[in-house]
Amino acid sequence: MTPTEPQPTLFPTSAIAPEPPPSPDFHGITLHEIQARTLLNRIRGAAPNGMGWTLNPYRGCTHACTYCFARDGHHHLGHNTGEDFQTHLYVKTNAATVLRREVRTGRTGDQWVMVGTSTDCYQRAEGRYQLMPGILRALIDYRVPFTTTTKSALLRRDIPLYAEAARVTDVLVMTSLGSLDDRVRRAFEPAASPPRARLDTLRALRAAGVPAGVLIAPVIPHAADHPDALNALVDACAEAGAVTVFPDIMRLSPGARPWFLSQAARHLPPRLHHRLAASYANSRALPPHYVQQVTDHIHARAAHHGIPRWQDYINSLGRPGP
């Protein structure tokens, strides 16, 4: 955090090129339709009644977030972790059928299923394949507790299903948002929904009676960690009705780091690029004292609004966290 240094000195308005209009098709993107054998992935060491499973209907992501840890997995598919990650998408077209078979057997027990933890389950391909309604229907029918995490306003299409789910099981939708500044979004997650659209989605979920919070992540050092910016972000989350917040400071996995730094060199102001390169040159994360400082600041601001920490919110439901 840099409380004495105003944000515009690092991120001038002219630093990021205007956002191009969205493409109406998938030009330049290869969609690999695959048949999944299983959809649920067990979380090692998960506690009973806690966060036990992950579920991702897509591999690769057109949001093109430069820092995404899921880039590492594209090596196993024979692709690079840079451009290929956002142009070669794998679509599990039988996702709903496989999930229904798995939850019918009671495989998940009383544990939560975490949907969209690696790649966004509401990325642009979801508009074509519409896998999520079938996934949600399976979770609803078998009353499986679940979370969904997304950066996309496309989730609003399925709010009636989330409202139905919230009436029969524990549900928590987490909007991922690390900054209110759209320049930050265009620089680091260029094809994700703008910050205000994500907050509008949160607001619509709460209006429908769906528990929803904000994954304040990633907080990008030097670009989005100024105390005033963090205060404004938490205030906006509170105004939109967030039931909890979970701060997370940017870490760079081995597969993501080269791409992140190369894109930073190409698209960011030199001073910001140099500071990020120095911070992450030999480490995937910033020092623990910095991470704790930012995390404590966000939690303190949230407490000012009466917003509990994520762990405390989950505990209030009678379920342990991971």
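When you go through 208, 217, 192 one by one, which is the residue that is closer than 17 Å to residue 118 by Cα and surrounded by fewer than 24 Cβ atoms within 10 Å (Cβ to Cβ)? Reasoning before the result, please.
Working: 208 fails: closer than 17 Å to residue 118 by Cα; 192 fails: surrounded by fewer than 24 Cβ atoms within 10 Å (Cβ to Cβ).
The match here is 217.
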* Asked: Restricting attention to the stretch 287-322, and to residues there that are under 20 Å from the mean Cα position of the chain (by Cα) and in a loop (DSSP other than H, G, I, E, B), which single residue is nearest to residue 252 (Cα to Cα)?
  -> 322
* Counted residues, the stretch 241-262 - those being within 14 Å of residue 198 (Cβ to Cβ) and either of a type in the set (Lys, Arg) or surrounded by fewer than 21 Cβ atoms within 10 Å (Cβ to Cβ) (or both) -> 1
* Among (1) of a type in the set (A, V, I, L, M); (2) surrounded by fewer than 19 Cβ atoms within 10 Å (Cβ to Cβ); (3) modelled with pLDDT of 95 or more, where does residue 265 come up short? -> (3)
* Specify the residue that is surrounded by the fewest Cβ atoms within 10 Å (Cβ to Cβ); the eligible residues are those in the stretch 277-322 that are over 25 Å from residue 147 (Cα atoms) and among the aromatic types (Phe, Trp, Tyr). => 290
* Structure fact -> the stretch 175-249: helices (runs of 4 or more DSSP H) wholly inside it with 1 or more residues that are in contact with a His (Cβ under 9 Å, 6 or more places away or on another chain) are 182-188, 227-240
* Unmet criterion (only one of (1) within 30 Å of residue 267 (Cβ to Cβ); (2) within 18 Å of the chain's Cα centre (by Cα)) for residue 226 -> (2)
* Structure fact -> By my count, strands (runs of 3 or more DSSP E) wholly in the stretch 34-152 with at least 3 residues that are among the aliphatic types (A, V, I, L, M) and crowded, with 22+ Cβ neighbours inside 10 Å are 112-115
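The values are calculated or read from the model by the stated rules, or taken from the named source; none is laboratory data. What you see is a predicted model, and the numbers here were worked out from it, not measured in a lab. Quick reminder, even Gly has a Cβ in these numbers, built from the backbone with ideal geometry, and neighbours come from all protein chains shown.
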